[in-house]
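Structure incoming, see below.
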Amino acid sequence: MDLNKDVKYVKGVGPNRVKLLNKIGIFTLKDLITYYPRTYEDRSKPKKIYESINGQEVLIEGIVVSRISEVKTPHKTMQKLVIRDDTGTATIMWFNQSYLKSRFIVGKSYRFYGKINNQYGKISMMSPVFDDIEKFQNTGKIVPIYPLTFSLSQNILRKIIEVGLEEVIGELQETLPDYIIKDYRLQEINQAIKNIHFPKEFKDFEEARKRLAFEELFSVQLALLELKNSYLVEEKGIQFDKNVKMSDIINKLPFKLTKAQLRVLEEIDNNMEAKKFMNRLLQGDVGSGKTVIAMCTAYKAVKSGYQVAIMAPTAILATQHLENFKKMLDMLDIKCELLISGMTKKKKEEILEKLKTGQIDILIGTHALIEEKVEFKNLGLVVTDEQHRFGVKQRTKIAEKGQNPDILVMTATPIPRTLALILYGDLDISIIDELPPNRKKVETFAVGKNMTDRVNAFIEKQIQQGRQAYIVCPLVEENEELDLKSVEELYETYAKQVFPQYRVECIHGKMKPKDKDFIMQEFKEGKINILISTTVIEVGVDVPNSNIMVIENSERFGLAQLHQLRGRVGRGEYESYCILKFEGKSDTVKERMKVMCSTNDGFVISEKDLELRGAGDFFGTMQHGLPEFKIANLFEDVPILKLAQAVANKVIYEDPKLQKEENIRLKDLIKDKFSNRIEI
């Protein structure tokens with residue numbers, strides 16, 4: 001049995017269906033059997049006709065009372081069938097299904113599954129699925145419902161999966177060691193795969209789901225622990241000088257650090273002075289003061305005789321870091337320089353030469369730092385900012401420019417603890433969980449489209465007082481062309497109709513980096529009154545004078561992203577506002593708007609975001625180099641995640657390199673789950 005065989009060779013697929021299966025990510029037999037249902041319909045237990053509640057999907061059984069009658073209208077024909085049980089009668093209806101006229105025999109029993117319409121005691125069902133009473137093709141069982149594409153029906157996909165399962169059930173190789181299955185009472189793999197698709201009872205499905213979710217979460221934890229372990233066991237890090245005190249720079253700062261900042265610096269200091277190299281994630285909400293942590297960490301590295309690389313996702317952010325660093329570090333005789341792709345060749349060469357000879361202590365830059373020509377004399381610390389924009393590979397690439405330099409990864413995306421353990425299992429985690437006392441709360445309001453004129457009047461009032469505004473355009477969908485169109489239309493509206501008297505500019509992801517940087521610089525210098533933008537402004541550029549942000553169609557954004565965007569204002573001395581325009585009356589939309597208006601705490605917001613949207617949407621896990629979860633849900637499955645972490649820790653503690661006979665399968669499991677996805 002070959003799990004990698006092309007799905008087109010599965011019976012019943014054929015050339016047309018293979019294209020549809022490919023569209024939903026099914027290319028192989030393995031993809032097919034692990035294409036899990038998103039929900040189930042319980043068609044197993046029939047209800048009496050008169051017990052059926054209006055609007056419910058139910059299974060009813062009845063004897064056919066008379067032959068199908070047809071009612072013709074100008075555009076369609078309706079087929080009507082009357083059935084009865086011992087509680088009453090029901091009319092079953094279809095449109096334009098003339099072939100059914102000879103399908104049912106009077107006096108014989110059939111099963112029907114569909115939505116009940118119960119109006120004034122008259123019961124009917126429209127276009128149900130049905131079976132003869134002795135058959136169990138469409139009814140009489142729990143039926144899986146799959147996520148689908150256009151022309152692929154549930155019935156066809158179900159049949160194809162059924163055929164695929166017939167090929168493999170009983171033949172699948174167990175992926176988990178026997179002792180784990182036994183100790184934690186997990187279903188065996190063949191049983192679990194069969195029961196996840198076609199469970200006889202819901203408890204079978206629950207057991208199958210537990211087993212498969214455990215395997216997904218366990219394999220990720222195991223892979224990350226093995227990665228972390230390989231750092232710790234094989235590679236000694238730099239032991240930075242104990243005599244270089246961070247307090248020397250902390251005491252020179254023009255402001256006091258918060259308790260949280262001091263606690264994090266203590267964790268970093270202990271790391272830097274230990275023999276093992278540091279690999280730490282620094283999580284802190286927008287404006288919590290991560291840059292100053294990076295600065296104090298860099299100070300210790302430089303004064304211990306090493307160079308520092310600081311990698312930012314955009315040129316404008318790198319430039320901002322340089323300004324902040326130079327303000328403090330010039331007086332401490334530490335040389336900081338900038339390396340970004342837009343520089344002249346001559347300037348670049350001059351910097352590279354100084355770097356190689358050790359005349360530069362701290363180099364701040366963008367992806368340009370990864371280029372081969374960039375050589376450090378003695379790299380001891382790498383700081384990457386906004387980690388989720390880089391990923392494991394680039395982090396590794398820059399680190400290779402030194403001898404096991406310490407790594408500090410900073411992110412302003414508040415990630416719930418459970419998710420952080422999954423995404424950054426190879427890193428130690430530090431959290432700044434309080435804001436500096438001078439940070440103002442951004443007043444947030446959620447309004448409907450009917451408030452547009454009032455919102456525009458408010459923007460004008462702020463601009464007249466000398467402030468600036470951001471207007472963020474909604475994501476149309478995952479389609480850059482359409483996103484671009486919508487941001488340009490919004491720009492036209494504001495620039496020509498609403499605020500022709502002010503300078504309105506627009507910025508979006510399709511622009512060249514240097515054009516984006518130019519506009520952001522102009523905005524920063526106060527030359528632009530209103531900036532229309534897609535989410536490219538998310539990443540931390542400080543414009544202290546901008547105090548108002550309007551987010552159009554805010555219901556299309558995740559809460560964590562709305563919070564990130566909101567963090568662009570309130571960075572100066574002025575009272576700041578975020579106005580969320582939204583459409584839609586659903587409870588979820590209202591709940592999300594309520595969360596945004598009631599709290600400025602990124603961690604509270606991220607927990608709620610995970611709860612309301614699930615991990616898949618929280619942000620695509622693929623961009624982190626981790627495999628997508630096909631079945632595990634990081635919000636609902638916290639107990640399974642905790643179990644998976646505990647088991648992974650135990651396994652790695654007892655067998656760090658997974659060399660024991662009983663753990664051979666685990667080596668394969670990691671390889672299989674992470675092929676081409678994570679650097680292990």
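Of the residues Val163, Val143, only one is within 40 Å of the chain's Cα centre (by Cα) and either assigned to a helix (DSSP H, G or I) or more than 28 Å from Leu20 (Cα to Cα) (or both); which?
Val163
Follow-up. Looking at (1) touching a residue at least 40 places away in the same chain (Cβ under 8 Å); (2) out of contact with any Lys or Arg (no Cβ under 8 Å at 6 or more places or on another chain), which is the one condition that is false for Ser102?
Condition not satisfied by Ser102: (1).
Would you mind finding the one in Ile422, Ile398, Ile370 that is in contact with a Lys or Arg (Cβ under 6 Å, 6 or more places away or on another chain) and modelled with pLDDT under 85?
Ile370
Every residue in the stretch 63-87 that is out of contact with any helix residue (DSSP H, G or I) (no Cβ under 7 Å at 6 or more places or on another chain), β-branched (Val, Ile, Thr) and either under 25 Å from Ile53 (Cα atoms) or not assigned by TED's automatic domain parsing to the domain that holds Ile105 (or both), please.
Selection gives Ile63, Val64, Val65, Val82, Ile83.
List every residue pair whose Cβ atoms sit under 7 Å apart, with the two residues 6 or more apart in sequence or on different chains, where the first one lies in the stretch 585-601 and is within 18 Å of Asn450 (Cβ to Cβ) and the second, anywhere, is surrounded by 11 or more Cβ atoms within 10 Å (Cβ to Cβ) and hydrophobic (A, V, I, L, M, F, W, C).
Pairs that qualify, where the first residue is within 18 Å of Asn450 (Cβ to Cβ) and the partner is surrounded by 11 or more Cβ atoms within 10 Å (Cβ to Cβ) and hydrophobic (A, V, I, L, M, F, W, C), are Val589/Phe582; Met593/Ala446; Met593/Leu580; Met593/Phe582; Cys597/Phe445; Cys597/Ala446.
Does at least one position in the stretch 343-357 carry a residue that is of a type in the set (Lys, Arg), under 17 Å from Glu400 (Cα atoms) and either in contact with a Phe, Trp or Tyr (Cβ under 7 Å, 6 or more places away or on another chain) or in the same structural domain as Ala309 (by TED's automatic domain parsing) (or both)?
yes
If the requirement is being over 35 Å from the mean Cα position of the chain (by Cα), outside the structural domain of Gly572 (by TED's automatic domain parsing) and either over 21 Å from Pro437 (Cα atoms) or not basic (Lys, Arg) (or both), which of these qualifies: Ser288, Ser304?
Ser304
For the stretch 330-349, state whether one or more residues are surrounded by fewer than 18 Cβ atoms within 10 Å (Cβ to Cβ), on the phi > 0 side of the Ramachandran plot and at pLDDT 85 or above.
Yes: the stretch 330-349 contains one or more residues that are surrounded by fewer than 18 Cβ atoms within 10 Å (Cβ to Cβ), on the phi > 0 side of the Ramachandran plot and at pLDDT 85 or above.
Starting from residues that are farther than 22 Å from Asp672 by Cβ and without any contact (Cβ under 8 Å) to a residue 40 or more places away in the chain, keep the ones in the stretch 158-181 and report whichever is surrounded by the most Cβ atoms within 10 Å (Cβ to Cβ).
Arg158
While we're here: Please go through (1) buried (at least 17 other Cβ atoms within 10 Å of the Cβ); (2) of a type outside the set (Phe, Trp, Tyr); (3) without any contact (Cβ under 8 Å) to a residue 60 or more places away in the chain for Asp132 and return the number of the only condition it doesn't satisfy.
(1)
Still on this structure: If you go through the stretch 526-534 one residue at a time, do you hit one that is touching a strand residue (DSSP E or B) at 6+ places or on another chain (Cβ under 8 Å), at pLDDT below 80 and not assigned by TED's automatic domain parsing to the domain that holds Gly287?
Looking for residues that are touching a strand residue (DSSP E or B) at 6+ places or on another chain (Cβ under 8 Å), at pLDDT below 80 and not assigned by TED's automatic domain parsing to the domain that holds Gly287, one finds at least one in the stretch 526-534, hence yes.
Let's see how each residue does on (1) among the aliphatic types (A, V, I, L, M); (2) modelled with pLDDT under 90; (3) in a helix (DSSP H, G or I); (4) touching a Phe, Trp or Tyr at 6+ places or on another chain (Cβ under 8 Å):
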residue	(1), (2), (3), (4)
Leu152	yes, yes, no, no
Ile181	yes, no, yes, no
Ala192	yes, no, yes, no
Glu207	no, no, yes, no
Val220	yes, yes, yes, no
Asn229	no, yes, yes, no
Ile238	yes, yes, no, yes
Asn243	no, no, no, no
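Quick grid of which residues meet (1) in the same structural domain as Asp285 (by TED's automatic domain parsing); (2) modelled with pLDDT under 90; (3) surrounded by fewer than 18 Cβ atoms within 10 Å (Cβ to Cβ); (4) over 30 Å from Gly289 (Cβ atoms):
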| residue | (1), (2), (3), (4) |
| --- | --- |
| Asn450 | no, yes, yes, yes |
| Gln462 | no, no, no, no |
| Ala469 | no, no, no, no |
| Asp483 | no, yes, no, yes |
| Ile519 | no, yes, no, no |
| Gly540 | no, yes, no, no |
| Pro544 | no, yes, yes, no |
| Ile551 | no, no, no, no |
| Glu555 | no, yes, no, yes |
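Taking Leu172, is it at pLDDT below 95 and within 30 Å of Asp655 (Cα to Cα)?
Answer is yes for this residue.
Under 6 Å between Cβ atoms, at least 6 apart or on separate chains: pull out the pairs that start in the stretch 314-331 with a residue that is closer than 15 Å to His367 by Cα and end on any residue that is assigned to a helix (DSSP H, G or I).
Ala315/Asp517; Ile316/Asp517; Ile316/Met520
How many residues are at pLDDT 90 or above and either touching a strand residue (DSSP E or B) at 6+ places or on another chain (Cβ under 8 Å) or at positive phi (or both) when one looks only at the stretch 283-300?
4
Follow-up question, since we're still on this one. Go through the stretch 21-93 and tell me which strands (runs of 3 or more DSSP E), entirely inside it, have 2 or more residues that are of a type outside the set (Asp, Glu) and over 19 Å from Thr139 (Cβ atoms).
Ranges flagged: 69-72, 77-85.
Do we find that Ile161 is at pLDDT 90 or above, under 18 Å from Thr39 (Cα atoms) and hydrophobic (A, V, I, L, M, F, W, C) in this structure?
Against the criterion (at pLDDT 90 or above, under 18 Å from Thr39 (Cα atoms) and hydrophobic (A, V, I, L, M, F, W, C)), Ile161 qualifies.
Quick one: how many residues across the stretch 250-286 are assigned to a loop (DSSP other than H, G, I, E, B), surrounded by fewer than 21 Cβ atoms within 10 Å (Cβ to Cβ) and not aromatic (Phe, Trp, Tyr)?
9
Run down Lys657, Lys642, Lys650 and say which single residue is assigned to a helix (DSSP H, G or I), basic (Lys, Arg) and modelled with pLDDT under 85.
Lys642 is the lone residue from the list that is assigned to a helix (DSSP H, G or I), basic (Lys, Arg) and modelled with pLDDT under 85.
Sticking with this structure for a sec: Determine, yes or no, whether Glu215 is assigned to a helix (DSSP H, G or I) and either under 20 Å from Gly114 (Cα atoms) or not aliphatic (A, V, I, L, M) (or both).
So Glu215 passes the test.
The values are calculated or read from the model by the stated rules, or taken from the named source; none is laboratory data. Since we're looking at a predicted model, the values are computed, not measured. Counting neighbours? That spans all protein chains shown, and the Cβs are built from the backbone with ideal geometry, glycine included.
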